[in-house]
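Quick notes on the structure that follows.
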């Protein structure tokens, strides 16, 4: 046996390793390297703006004018600002109403799509279109459909005998908010439906069969079999949707611009109007920040509820 | 399937489903009809006797031609394409690496870092756009595509990371261990064994990220100001409305053509898109 041990490399076929490779063999160094680009980008464009927002909110900065420290003056101004209160109220109303409708209609559509029928894949693909197509572009189509003089919706309602004179969808304060809600629901239902459908498909049909054999009717089967199993995924969908709706901007910006007379002003459109439109950076940043606790509260409550449901 | 008599099937299934489909797709049909309708028919009040809303007897491509020749629409399409592709590429790169690290490696603060990325996933763009506009101005990135290429990843990376983490978790650890026993370094095992398996996940994340970038509005609205730097959503909404006059034919042509790239990508990868959509809401 003339076998020299030193000549054998640790593993057959292993190339010689440089210092960099050896460094990356260490799990911690590899992790740090892999996470570096993400941390840099998110730090630079999320964490830093957040700090900057807090900084702006305690100064009187305008575009191109570095501000002076004014303490909590901006927050006091915002608190006493009637339009801000209207905007927050509208935002909450908008979020609650659209979420209820999106959930109800989305669930209904998901249950319909969960049946087997001809052209199911095709239908499912087409139904997602409102969610895929850029929101501002589809919202423009709605703006055209709501046009006071040329509205096709008015035409339909007139032909059906429901109305006798024109409806000024976006010009009337109450109707404007309803119109905005309709468009948001239209855009959101496909997302709910497709996500809930994915949830429905994980429920074993055997459970339904067992319940049917035990004599449960369709409604009872939904209430006691489907719904409890669907609840966890429903809550996560609602969480995402509520955040997105609460912070909605583009839909209202295109349809009404917050008008008439701030009837559809949401906090995001108001922050845009003040911060970018009139260039009062600090005021705008304050409006965004002032809403942050409300959003945080909503998210925390939902996360706690999700945890409670999931542990049961 | 709905059980029972045929009328029950109609009342509880076919009728509601048809109503949903019509309501969800009607605005797109309306875009199309408006695009090909001549102006003389377009501006006819809804209660006029010869108002024929749902079709036109004189289809024309005049609006499309005006859109392509008299506006910067082509430039906007190109801008949006470049920005969306670049932002998607950056986000996929970051998300892939970060997703691997967070789902496969043990290191201090892994849990809290994962939570932080999840929180940024929940931060809506409308919360930060004002300070971000200030930062973009200070970095001298304003009114250039870089403003968007660098900021879009902030909402795409968390999503890509989240999706890739879920995907990596479904790949058995043994595959990697085998490669390492055969002498591969951690790096090589990751790049040559795990990443190729993760291609469907990468594709899903990429498609979703691309459509999200194409649809983004508020950052593009705030960070860009010259007409020839704009993206499709911003260009169509701001430049095709002159003064108070809405050129509906061109607007709808713009909305229609501006939606085509996303619809095109979507139609080829419906399954991947749906997978990422449902993956994105699974905890």
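Per-structure values
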{"read-out": "Any hit, region B:125-145, residues being at pLDDT 90 or above, more than 12 Å from every other protein chain (Cβ to nearest Cβ) and on the phi < 0 side of the Ramachandran plot", "value": "yes"}
{"read-out": "Any hit, region B:28-47, residues being in a loop (DSSP other than H, G, I, E, B), free of Cβ contacts under 8 Å to residues at least 24 places away in the same chain and under 28 Å from residue A:109 (Cβ atoms)", "value": "no"}
{"read-out": "Among (1) facing chain B (nearest Cβ under 8 Å); (2) surrounded by fewer than 23 Cβ atoms within 10 Å (Cβ to Cβ); (3) in contact with a strand residue (DSSP E or B) (Cβ under 9 Å, 6 or more places away or on another chain) - the single one residue A:243 does not satisfy", "value": "(3)"}
{"read-out": "Unmet requirement for residue A:67, which otherwise passes all of (1) in contact with a strand residue (DSSP E or B) (Cβ under 9 Å, 6 or more places away or on another chain); (2) crowded, with 19+ Cβ neighbours inside 10 Å", "value": "(2)"}
{"read-out": "Qualifying positions in region B:262-276 - under 23 Å from residue B:64 (Cα atoms) and more than 10 Å from every other protein chain (Cβ to nearest Cβ)", "value": "B:264"}
{"read-out": "Search result, residues across region A:70-81 that are assigned to a loop (DSSP other than H, G, I, E, B) and either surrounded by 15 or more Cβ atoms within 10 Å (Cβ to Cβ) or at pLDDT below 85 (or both)", "value": "A:70, A:71, A:81"}
{"read-out": "Only listed residue being surrounded by fewer than 22 Cβ atoms within 10 Å (Cβ to Cβ), assigned to a helix (DSSP H, G or I) and under 12 Å from the mean Cα position of the chain (by Cα), chosen from B:212, B:257", "value": "B:212"}
{"read-out": "Tally, over region A:262-273, of residues that are surrounded by fewer than 24 Cβ atoms within 10 Å (Cβ to Cβ) and touching a helix residue (DSSP H, G or I) at 6+ places or on another chain (Cβ under 6 Å)", "value": "2"}
{"read-out": "So residue A:263, is it within 28 Å of residue B:131 (Cα to Cα), at pLDDT 90 or above and more than 12 Å from chain B (Cβ to nearest Cβ)", "value": "yes"}
{"read-out": "Leading residue by the ranking (farthest from the other protein chains (Cβ to nearest Cβ)) among those in region A:204-226 that are closer than 19 Å to residue A:194 by Cα and part of a helix (DSSP H, G or I)", "value": "A:226"}
{"read-out": "Condition broken by residue A:149, with the remaining ones in (1) in a helix (DSSP H, G or I); (2) free of Cβ contacts under 8 Å to residues at least 24 places away in the same chain; (3) facing another protein chain (nearest Cβ under 10 Å); (4) more than 29 Å from residue B:266 (Cα to Cα) satisfied", "value": "(1)"}
{"read-out": "Condition check for residue A:229: in a helix (DSSP H, G or I) and within 12 Å of chain B (Cβ to nearest Cβ)", "value": "no"}
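The values are calculated or read from the model by the stated rules, or taken from the named source; none is laboratory data. Computed from a predicted model, the values in this text were never measured in an experiment. With ideal geometry, Cβ positions are generated from the backbone for all residues, glycine too; neighbour counts draw on all protein chains shown.
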